[in-house]
Structure formats: structure tokens, C-alpha cells
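Read through the structure below, which is laid out as C-alpha cells, and then see the notes.
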Amino acid sequence: WPPKIKEAKLIEPLGLAALVECRLETGRTHQVRVHMASIGHPLLGDPVYGRNPQRIRPILTQLHFARQALHAAELGFIHPVTEEVLSFASALPADIAGLLVELRNQS
């Protein structure tokens, strides 16, 4: 702790929110949430560390978006026994894609 962020890059401003790419060396979901909130950029939908802007709350309600807007697009690590480098990729979930569409329409 704290997670080691190698790089944070603004991908797209979205009015009262933004799409941000963070490349981490280490970090678990909770640590990323705490870190982003501590630097003034809490995750949308985070019930513990975030306060969703009033203008965005109706969008989250309409979409039934009931989680933090956080997605690990790529994960990788070295296997502890075989020492093989493992890498996994995951497409953006439909709920976050829908949230991005709505935020783009509002900005």
C-alpha cells in the first residue's frame, strides 16, 4: 500500500466525470479506490469513497449502475511456481460501456 501507479492518463473528459487509464505495478481494487479518492478523483458509483455529482446520479439510477466504475482491462503476473509470464485481457463490461454512452450524451 499504496498501489504503485506507473502511469495515469486522461483518455476522455466527460463533463463532471472522466475516462482515465491507470497502469499499475501493484494494487487491489480497494487500494485503487482509496488512492483515486485520496487524490481527488473518486470512482463513479463507489459507495464508500466516492460522492457522485448530483447531475450524474440520475444516470446511475436509470442504468441501475450499482457498483464502482472500475475495470481491469489487462492483468499480468509471473506464475510463482513455473515463473511463466501470464497475461489476461478482458473487454469493457456492458454496464460500463452503457455508462460511457450516457455520460458522452450529457457532456
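Quick notes on this one:
- For LEU86, the conditions (1) closer than 24 Å to PRO47 by Cα; (2) open to solvent by less than 90 Å² (accessible area, probe 1.4 Å) are fulfilled apart from (1).
- Filtering region 19-38 to residues that are within 10 Å of the chain's Cα centre (by Cα), aliphatic (A, V, I, L, M) and assigned to a strand (DSSP E or B) leaves LEU19, VAL20.
- For region 25-53, taking the residues that are more than 13 Å from GLN68 (Cβ to Cβ) and small (Gly, Ala, Ser), the one that is surrounded by the most Cβ atoms within 10 Å (Cβ to Cβ) is identified as GLY27.
- When ALA94 is tested against (1) modelled with pLDDT of 95 or more; (2) open to solvent by less than 40 Å² (accessible area, probe 1.4 Å), just one condition goes unmet, and that condition is (2).
- Residue count, region 54-71 (criterion: loosely packed, with under 15 Cβ neighbours inside 10 Å and outside any loop (DSSP other than H, G, I, E, B)): 4
- Selection count where residues are surrounded by fewer than 11 Cβ atoms within 10 Å (Cβ to Cβ) and closer than 20 Å to LEU100 by Cα, scope region 72-83: 2
- Listed by first and then second residue, the pairs linking a residue in region 9-24 that is open to solvent by 70 Å² or more (accessible area, probe 1.4 Å) to a residue that is assigned to a strand (DSSP E or B) and among the acidic types (Asp, Glu), with Cβ atoms under 8 Å apart and 6 or more places separating them unless they lie on different chains, are LYS9/GLU21; ILE11/GLU21; ARG23/GLU7.
- As for region 14-31, it holds at least one residue that is touching a Ser or Thr at 6+ places or on another chain (Cβ under 7 Å) and at pLDDT 90 or above.
The values are calculated or read from the model by the stated rules, or taken from the named source; none is laboratory data. Just so it is clear, the structure is predicted and the values come from calculations on it, not from any experiment. Neighbour counts are summed over all protein chains in view; Cβ atoms, including those assigned to glycine, are modelled from backbone coordinates with ideal geometry. We work out accessible area using only protein heavy atoms, side chains counted, and drop any ligands, DNA or RNA first. Shrake-Rupley method; radii C 1.70, N 1.55, O 1.52, S 1.80 Å.
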